[in-house]
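Have a look at the structure below, then the notes.
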Amino acid sequence: MTIEHVPVMIDQVLEQFDSIDRFELLLDGTLGLGGYSEAILDRFQDVRVIGVDQDPYAIEIASSRLARFGDRFIPVMDNFSNISGIVGGLGFDHVDGIVFDLGISNMQITVPERGFSFRENGPLDMRMDGGRQDGISAGEMINQLSAPELSDIFRVYGEERHSWMIAKGIVRFREKFGPILDTFSLVEAIRSSLPAPAMRKAKGHPARKVFQALRIVVNGEMEALKEGLDGAIEVISPGGVIVVVGYHSLEDRIVKWKFREWKDETEGTIMTRKALLPSEEEVERNPKSRSAKLRAFMANIPM
Ligand SMILES: C[S@@+](CC[C@H](N)C(=O)[O-])C[C@H]1O[C@@H](n2cnc3c(N)ncnc32)[C@H](O)[C@@H]1O
């Protein structure tokens, strides 16, 4: 099966890097299927790209896709929270551009065995690193946490209005039928916990927010983003550019505040006063780009 990932807001991403004076090295913190890295390697012929992903399958697929660039492409399997370790470990002091395209890739959603999809049945896993770090899976979380703990997760990370009803419903489902082991059982537990009017009013799939919340917590996404941004400002060259594309308000809030903090600390300039959004045409062509927001920051060149 070939899995396509249409890179989101790629033209706007590339444009941000046009303003770098001496552009030689970029770190793509979320390599995925290599869509951004490929576009960057094609457009900027003197640039080398370090492509980071914590998902071994992403590294494998992107490496074969980008093999034609030879040693201009350097794949690294790691968490982007370790940016400075990655850059230093390769023997570099700085990188001139950094890009993060947050969340999960089409490959991760499309393969049912990864357990990210509420539309396909698969084991409740959701670990982006495929369990390499022995982190807790979504299934362990769903089956071990109490109703108040689950409700907090759904409310905070899914912004789910019916978090308490769903959490109680999941616990009831567990008591009645035993552990919830696959994605379809979880969807059923969610459906059975919501009254008909709430189901009718739900925008999109009724399980969407719960799946988002679980994915964020299982992968420690918010902590990784904060650490990744802290690392990014440490390793960015003077005059270098950091670009972040996020897909929900929790991510965007972290990026917006980090950029403001850097500006106040006179680290550089916010290039996007307001977040850039995909064009209507892009959203029509690729509905997954609908919620994307792009923010960019340029590091100061010391006088
Ligand atoms: C939206 S996809 C990126 C798609 C990519 N821009 C492309 O065009 O193909 C996000 C990727 O980032 C990876 N990822 C998410 N959080 C990560 C983290 N903290 N460290 C390393 N990789 C991460 C995921 O495994 C996934 O492959």
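Quick check for me: using +1 on Lys/Arg Cβ and -1 on Asp/Glu Cβ, what's the dipole size of the chain about its Cα centre, in debye to the nearest 20?
Numbers: 36 positive and 46 negative charges, 327 e Å.
It works out to roughly 1560 debye.
Taking only protein heavy atoms and a 1.4 Å probe, what accessible area per residue, in Å², does region 130-218 have with all protein chains in place?
53 Å²
Cross-link partners among lysines for Lys258, C-alpha distance below 18 Å, same-chain residues fewer than 8 apart left out?
Excluding near neighbours in sequence, the set is Lys226, Lys274, Lys293.
Work out which trypsin sites (Lys or Arg not before Pro) in the chain are exposed loop sites (DSSP not H, G, I, E or B, at most 16 other Cβ within 10 Å) and give the longest gap free of them.
Between the exposed loop sites, the longest stretch runs 23-118.
Separation between the Arg132 and Arg208 pseudo-spin-labels, each 7 Å from Cα along Cα→Cβ, expressed in nm?
A separation of 3.1 nm, rounded to one decimal place.
Heavy atoms of the protein only, probe of 1.4 Å, neighbouring chains included. What is the accessible area of Leu194 in Å², nearest 10?
20 Å²
Among Gly239, Gly139, Gly204, which one shows the biggest mean-square fluctuation in a GNM of the chain, springs joining Cα atoms closer than 10 Å?
Maximum among the listed residues: Gly204.
Starting from the Cα of Glu261, move 7 Å in the Cα-to-Cβ direction to define the label point; list residues of region 279-303 whose amide nitrogen is under 19 Å from there.
Answer for region 279-303: 295-300.
With every protein chain present, what is the per residue accessible area of region 84-129 (1.4 Å probe, Å²)?
37 Å²
May I ask you to derive the relative contact order of region 125-207, considering only C-alpha pairs under 8 Å and at least 6 residues apart, and to give it as an integer percent?
Worked out over region 125-207, it gives 23 percent.
Taking a label point 7 Å from the Cα of Asp71 along the Cα→Cβ vector, which residues of region 26-47 have an amide N closer than 17 Å to it?
Residues passing the 17 Å test: 26, 46-47.
What is the percent carbon and sulfur in the accessible area of the chain, measuring with a 1.4 Å probe over the protein chains and ignoring ligands?
Carbon with sulfur: 50 percent of the solvent-accessible area.
In whole angstrom, note down how far apart the Cα centers of region 255-303 and region 181-210 are.
First find each Cα centre; the distance between them is then 33 Å.
In whole percent, what relative contact order does region 1-110 give with Cα contacts below 8 Å and a gap of six or more residues?
Relative CO of region 1-110 lands at 34 percent.
Could you run the Karplus curve 6.51 cos²θ - 1.76 cosθ + 1.60 with θ = phi - 60° over region 233-247 and give me ³J(HN,Hα) per residue in whole Hz, x for Gly and Pro?
Once θ is set to phi - 60°, the couplings for region 233-247 become 5, 5, 9, 6, 6, x, x, x, 10, 10, 10, 10, 10, x, 10 Hz.
Name the residue, out of Gly178, Gly220, Gly231, whose mean-square fluctuation peaks in a Gaussian network model built on the chain with Cα pairs under 10 Å.
Comparing Gly178, Gly220, Gly231 in a Gaussian network model of the chain, the most mobile one is Gly178.
Go through region 23-34 residue by residue and turn each phi into a ³J(HN,Hα) via Karplus (6.51, -1.76, 1.60, θ = phi - 60°); whole Hz please, and just put x for glycine and proline.
9, 10, 9, 10, 10, 9, x, 9, 4, x, 8, x
Gaussian network model of the chain, Cα springs within a sub-10 Å range: biggest mean-square fluctuation belongs to which of Ala67, Ala189, Ala39?
Between Ala67, Ala189, Ala39, it is Ala67 that shows the largest mean-square fluctuation.
Considering Cα pairs under 8 angstrom that are at least six residues apart, work out the relative contact order of the chain and quote it in whole percent.
Working: 514 pairs, mean separation 58.5, N = 303.
Contact order relative to length: 19 percent.
Can you sort Phe69, Phe92, Phe177 by solvent-accessible area, 1.4 Å probe, largest first? Intermediate values should be presented prior to the final figure.
On the way: Phe69 20, Phe92 55, Phe177 130 Å².
Highest to lowest solvent-accessible surface, that is Phe177, Phe92, Phe69.
Select from region 91-184 those GluC sites (Glu not before Pro) which occupy a DSSP coil region and have at most 16 other Cβ atoms within 10 Å, ordered by residue number.
Listed in order of number, the matching sites are Glu120, Glu159.
Could you compute how much accessible surface Phe23 exposes when probed at 1.4 Å, giving the result in Å² to the nearest 10?
Phe23 exposes around 20 Å² with every protein chain in place.
The values are calculated or read from the model by the stated rules, or taken from the named source; none is laboratory data. What you are looking at is a predicted structure, and each value in this text was computed from that prediction instead of being measured. Neighbour counts are summed over all protein chains in view; Cβ atoms, including those assigned to glycine, are modelled from backbone coordinates with ideal geometry. Just the protein is used for accessible areas: all its heavy atoms, side chains included, with ligands, DNA and RNA removed. Shrake-Rupley method; radii C 1.70, N 1.55, O 1.52, S 1.80 Å.
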